[in-house]
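J.: The structure's right below; bear with me while I get my questions together.
The values are calculated or read from the model by the stated rules, or taken from the named source; none is laboratory data. Predicted model, so just to flag it, every value in this text is computed and none were measured. Using ideal geometry, Cβ is built from the backbone for each residue, glycine included, and neighbour counts are taken over all protein chains shown.
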């Protein structure tokens, strides 16, 4: 509101369309009264009676206003203001734009309309398989569910589809259920009113304001009624209902009535001017139901999944960014953005916006080097993500008491590597939790029914960093250990106390829920199931965050993908930033063999150099038989390069722990060994 309020009496060119779109009905009322004098009563008609907000305001014209009883003179003034706002941000011969103004922008949490496509970083869905599928289903008179995670580009896909369909003589009408503020007695009238607002179909649907009850909706779109009112009965109308998952906030009876009306139209589609209805929302719209309408008008066969970007599409976006800003990305950055976001449109754009806002000034000879990106990602990216409403709301939702079962389910079953699918068909509570997390965008459906997987590494870390430590706040009872008479963290004792504090059930059950197959002997046999790295990683992160952050430490985590020929290896790091400018890197392994350890010894040093770490630890947690009697160590050269190692052994029931740690002593010029064991 600040951009608009601050410009309430200034030039229209000072406004932005995005700022106007964000106005609530009350804010729009205030804005219009500051701009347009002596027509307050008509402004009240728009905002208070018709419940128009900033987004729908920009779709109005004088014809729609006059239908609401606004006299011609005020209607023309209001229409003129709308055009001034829109034209102020379009290319104009009279107002040449600077090269800065012509640069494309990253739009996050915004629907890209036709006027935005040339000025935004935009992946055109035209020609994509899912877009062609959508068109085929529309031609077949289907009632279609377009679903995907929040901020994944669903609405933008719809806007692109509308631009194509309108050229094929279809009449398209788009409304978001965000615009409907009354899900009780006034629902049908507000639905009709909002349908009438969409100016690109107002010639045909302007009189939808006459809809008061359910039967009016049926009658209005019937061919019989169109003939009676001397309107063209051959017109083919496509209704797009966005944010359709909001119908879950409806009164149960009203939701049943609404779904029943849609089903009545579908069952007798030839009697209506409606070609198709497309509803857009999250995964939850796939399970539309009600107690009195057991059969939904929508069929799972007529669902279209909104896809994430693929790697090549992400590359194209950032190549455009390179050209726009006359710079280059060092090899690996674009691929890392794709891996971290899994191609989620909103997260990709957040990364692009973050680079534009924060890292362009850090270029080295017009090249963004990988080290700069990695350091920014570790220290700041998660804070940037949480600043966006979609992800802030996700965190708030999962912190509510009623979400604890779902968060516990996530912790029990999805402390797994990204890309791994879990079959959730065991019991109704697990299925409900998995579906709830899919509704919220934490999980996404897998390739087969009943399978789910993590939506992206960044969302996984968002949950691990901002949700799980708050929902499960346990930590060691010991004081944070520092070296004697110093302010420096004793990392070894910090790790010892933290591992002792792991949730026993989580570790014990990981061999059944989140496991890998050991390449070494466990309980006298090979190929035994043992906890995977991601289980230890999540528990260690939770404990350290709960314990250290109260003393102004910062604990962050990163997920990495390393390609080695045809094989891809995933691993995690935890980074501790102390209040005294130490940066400690912890690289985790689970029940590793000597080859794995050798590979990680060098990798940890390379990563520590990238972050300019002051201390580097390999944290190897293993179930290998008798491991502490024959541990594998780095070379003396690696130890002298400030690499330390802590090997933790535990049995599969997590009833005992043995620790053997080693590091290089500069005073004694040799490796120092520390051993410890305890029952849990």
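J.: Return yes or no: is residue 170 under 26 Å from residue 255 (Cα atoms), touching a residue at least 40 places away in the same chain (Cβ under 8 Å), assigned by TED's automatic domain parsing to the domain that holds residue 277 and in contact with a strand residue (DSSP E or B) (Cβ under 9 Å, 6 or more places away or on another chain)?
T.: Numbers: under 26 Å from residue 255 (Cα atoms): no; touching a residue at least 40 places away in the same chain (Cβ under 8 Å): yes; assigned by TED's automatic domain parsing to the domain that holds residue 277: yes; in contact with a strand residue (DSSP E or B) (Cβ under 9 Å, 6 or more places away or on another chain): yes.
Against the criterion (under 26 Å from residue 255 (Cα atoms), touching a residue at least 40 places away in the same chain (Cβ under 8 Å), assigned by TED's automatic domain parsing to the domain that holds residue 277 and in contact with a strand residue (DSSP E or B) (Cβ under 9 Å, 6 or more places away or on another chain)), residue 170 does not qualify.
J.: For the stretch 175-196, which positions are in contact (Cβ under 8 Å) with a residue 60 or more places away in the chain, more than 30 Å from the chain's Cα centre (by Cα) and within 22 Å of residue 231 (Cα to Cα)?
T.: Those that are in contact (Cβ under 8 Å) with a residue 60 or more places away in the chain, more than 30 Å from the chain's Cα centre (by Cα) and within 22 Å of residue 231 (Cα to Cα): 193, 196.
J.: Right, here's the next one. Of the numbered conditions (1) surrounded by 17 or more Cβ atoms within 10 Å (Cβ to Cβ); (2) under 24 Å from residue 541 (Cα atoms), residue 343 satisfies every one except a single condition; which is it?
T.: Failing condition for residue 343: (2).
J.: Mind listing whichever residues of the stretch 445-468 are part of a loop (DSSP other than H, G, I, E, B) and surrounded by fewer than 18 Cβ atoms within 10 Å (Cβ to Cβ)?
T.: Matches in the stretch 445-468: 446, 447, 448, 449, 450.
J.: What's the total number of residues in the stretch 561-606 that are surrounded by fewer than 21 Cβ atoms within 10 Å (Cβ to Cβ), in contact with a strand residue (DSSP E or B) (Cβ under 9 Å, 6 or more places away or on another chain) and modelled with pLDDT under 90?
T.: Within the stretch 561-606, residues that are surrounded by fewer than 21 Cβ atoms within 10 Å (Cβ to Cβ), in contact with a strand residue (DSSP E or B) (Cβ under 9 Å, 6 or more places away or on another chain) and modelled with pLDDT under 90 number 6.
J.: Would you mind finding the one in 116, 124 that is modelled with pLDDT of 90 or more, exposed (fewer than 15 other Cβ atoms within 10 Å of the Cβ) and under 26 Å from the mean Cα position of the chain (by Cα)?
T.: So the residue among 116, 124 that is modelled with pLDDT of 90 or more, exposed (fewer than 15 other Cβ atoms within 10 Å of the Cβ) and under 26 Å from the mean Cα position of the chain (by Cα) is 124.
J.: Still on this structure, please answer the following. When you go through 249, 282 one by one, which is the residue that is surrounded by fewer than 21 Cβ atoms within 10 Å (Cβ to Cβ), at pLDDT 90 or above and within 25 Å of residue 153 (Cβ to Cβ)?
T.: Residue meeting the stated conditions: 282.
Yes/no matrix, rows are residues, columns are (1) crowded, with 17+ Cβ neighbours inside 10 Å; (2) farther than 25 Å from residue 645 by Cα; (3) touching a helix residue (DSSP H, G or I) at 6+ places or on another chain (Cβ under 9 Å):
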| site | (1), (2), (3) |
| --- | --- |
| 470 | no, yes, yes |
| 488 | no, no, no |
| 505 | no, yes, yes |
| 517 | no, no, no |
| 522 | yes, no, no |
| 531 | yes, no, yes |
| 542 | yes, no, yes |
| 553 | yes, no, yes |
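J.: Still on this structure: Are any residues in the stretch 323-336 buried (at least 16 other Cβ atoms within 10 Å of the Cβ) and without any contact (Cβ under 8 Å) to a residue 24 or more places away in the chain, and if so, which ones?
T.: Listed by number, the list holds a single entry, 334.
J.: A further question on this structure: Between 320, 374, which is outside the structural domain of residue 610 (by TED's automatic domain parsing), out of contact with any helix residue (DSSP H, G or I) (no Cβ under 9 Å at 6 or more places or on another chain) and either closer than 18 Å to residue 153 by Cα or touching a residue at least 60 places away in the same chain (Cβ under 8 Å) (or both)?
T.: 320
J.: A further question follows. So which of 333, 350, 300, 277 is modelled with pLDDT of 95 or more and under 24 Å from residue 249 (Cβ atoms)?
T.: 277
J.: Kindly indicate whether any position in the stretch 400-409 is exposed (fewer than 15 other Cβ atoms within 10 Å of the Cβ) and not in a helix (DSSP H, G or I).
T.: yes
J.: Among the residues that make up the stretch 648-664, is at least one of them surrounded by 16 or more Cβ atoms within 10 Å (Cβ to Cβ), touching a helix residue (DSSP H, G or I) at 6+ places or on another chain (Cβ under 9 Å) and not in a strand (DSSP E or B)?
T.: Yes, the stretch 648-664 has at least one match.
J.: Do we find that residue 75 is more than 39 Å from the chain's Cα centre (by Cα), crowded, with 18+ Cβ neighbours inside 10 Å and modelled with pLDDT under 80 in this structure?
T.: Yes, satisfied.
J.: Going through the stretch 631-647 one residue at a time, which ones are more than 23 Å from residue 497 (Cα to Cα) and surrounded by fewer than 17 Cβ atoms within 10 Å (Cβ to Cβ)? Quick ask: steps written out before the conclusion?
T.: From the stretch 631-647, those more than 23 Å from residue 497 (Cα to Cα) are 634-641; that's our starting set.
Hits for the stretch 631-647 are 635, 636, 637, 640, 641.
J.: Evaluate the stretch 221-236: report whether one residue or more is touching a residue at least 24 places away in the same chain (Cβ under 8 Å) and closer than 22 Å to residue 148 by Cβ.
T.: No: zero hits.
J.: Now for a separate question. For the stretch 53-64, indicate whether the set of residues that are surrounded by 19 or more Cβ atoms within 10 Å (Cβ to Cβ), modelled with pLDDT under 80, more than 15 Å from residue 84 (Cβ to Cβ) and over 34 Å from the mean Cα position of the chain (by Cα) is non-empty.
T.: For the stretch 53-64, residues surrounded by 19 or more Cβ atoms within 10 Å (Cβ to Cβ), modelled with pLDDT under 80, more than 15 Å from residue 84 (Cβ to Cβ) and over 34 Å from the mean Cα position of the chain (by Cα): present.
J.: Would you check if residue 22 is surrounded by fewer than 21 Cβ atoms within 10 Å (Cβ to Cβ), under 19 Å from residue 116 (Cα atoms), modelled with pLDDT under 85 and within 34 Å of the chain's Cα centre (by Cα)?
T.: Details: surrounded by fewer than 21 Cβ atoms within 10 Å (Cβ to Cβ): yes; under 19 Å from residue 116 (Cα atoms): yes; modelled with pLDDT under 85: yes; within 34 Å of the chain's Cα centre (by Cα): yes.
So residue 22 fits the description; yes.
J.: Still on this structure, please answer the following. Residue by residue through the stretch 617-647, note down the ones that are in a helix (DSSP H, G or I) and out of contact with any strand residue (DSSP E or B) (no Cβ under 6 Å at 6 or more places or on another chain).
T.: Hits for the stretch 617-647 are 629, 636, 637, 638.
J.: Is it true that residue 677 is at pLDDT 95 or above, surrounded by fewer than 19 Cβ atoms within 10 Å (Cβ to Cβ) and under 21 Å from residue 503 (Cα atoms)?
T.: Spelling it out, residue 677 is indeed at pLDDT 95 or above, surrounded by fewer than 19 Cβ atoms within 10 Å (Cβ to Cβ) and under 21 Å from residue 503 (Cα atoms).
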